[in-house]
Amino acid sequence: MADKEKKGFIKEFKEFISRGSVLDMAVGIIIGGAFTAIVKSLVEDIFTPLLGLILAGINFKGLSIKIGDAQIMYGLFIEAIVTFLLTAFCVFLMIKAINKFRKKKEAEPEAPDPQIVLLTEIRDLLANGKTEEAAQKLEDKPLE
């Protein structure tokens, strides 16, 4: 009995793992991990040093207050906020650039098929009771 349940469980797991949405999610997680590394490097290796120059080399990591035996490291909190804001800004810029690229890629739609245009014109003429004009159009531009 337990062997049968085990086979059913394995079969169910195989069905779950082979669904398209699960595979898409896995690809998304992998790409997301790589994207995180890019954004982290951009923030830590480019923007944070530039921010340090602008703020005259202030090292937030060293800022703290000692209250009794407790050391409150508020500088690390400030640094985390700055890193979050810079990361959000980088993601915003990247998404903005990607959306701009997509809009260019979605250029004007293709011109409709000439036969479809002709059939539409004939249909409209027939709907308006202009059968002679519809017949004339068909004679002028026969369908291929």
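Test of the criteria: in the range 13-78, which trypsin sites (Lys or Arg not before Pro) are in a DSSP loop and have at most 16 other Cβ atoms within 10 angstrom of their Cβ?
Taking the range 13-78 and a limit of 16 other Cβ atoms within 10 Å, the loop trypsin sites (Lys or Arg not before Pro) found are R19.
Kindly express, to the nearest 10 degrees and within the range 0 to 90, the angle between helix 20-41's C-alpha long axis and the longest C-alpha principal axis of the chain.
It is inclined by approximately 50 degrees.
Given R₀ = 30 Å, what would the calculated FRET efficiency be for T36 paired with M73, taking r from the Cβ atoms and rounding to 0.05?
0.80
Among I31, I78, I122, which comes first, second and so on when ranked by fewest other beta-carbon atoms within 10 Å?
Result, fewest neighbours first: I31, I78, I122.
When a footprinting reagent is the concern and you count Cβ atoms within 10 Å, what order do D69, D24 take, fewest first?
D69, D24
Using only alpha carbon pairs under 8 Å that are at least six residues apart, calculate the relative contact order of the chain and give it in whole percent.
Once divided by the residue count of the chain, the mean separation gives 13 percent.
Exposure proxy check: V82, V43, V117 ranked by fewest other beta carbons within 10 Å?
Arranged by neighbour count, lowest to highest, V82, V43, V117 become V117, V82, V43.
Could you give each residue of the range 53-68 its phi-based ³J(HN,Hα) in whole Hz, using Karplus coefficients 6.51, -1.76, 1.60 with θ = phi - 60°, and x for Gly or Pro?
Here the 3J(HN,Hα) series is 5, 5, 8, 6, x, 5, 9, 5, 4, x, 6, 7, 10, 9, 10, x Hz.
Take a quick pass over the range 2-107 and tell me how many lysine pairs come in under 29 angstrom between Cα atoms, counting only ones 8 or more apart or on separate chains.
10
Any chance you could give the angle, 0 to 90 degrees and rounded to 10, that helix 131-140 forms with the longest Cα principal axis of the chain?
Between helix and principal axis, roughly 80 degrees.
With angles folded into 0 to 90 degrees, how steeply does helix 74-105 sit against the dominant principal axis of the chain? Use alpha carbons for both and round to 10.
20 degrees
Each reported figure results from applying straightforward, stated rules to the coordinates on display, with no laboratory input. Keep in mind it's a predicted model, so treat the numbers as computed, not measured. Virtual Cβ from ideal backbone geometry, glycine too; neighbours counted across all protein chains shown.
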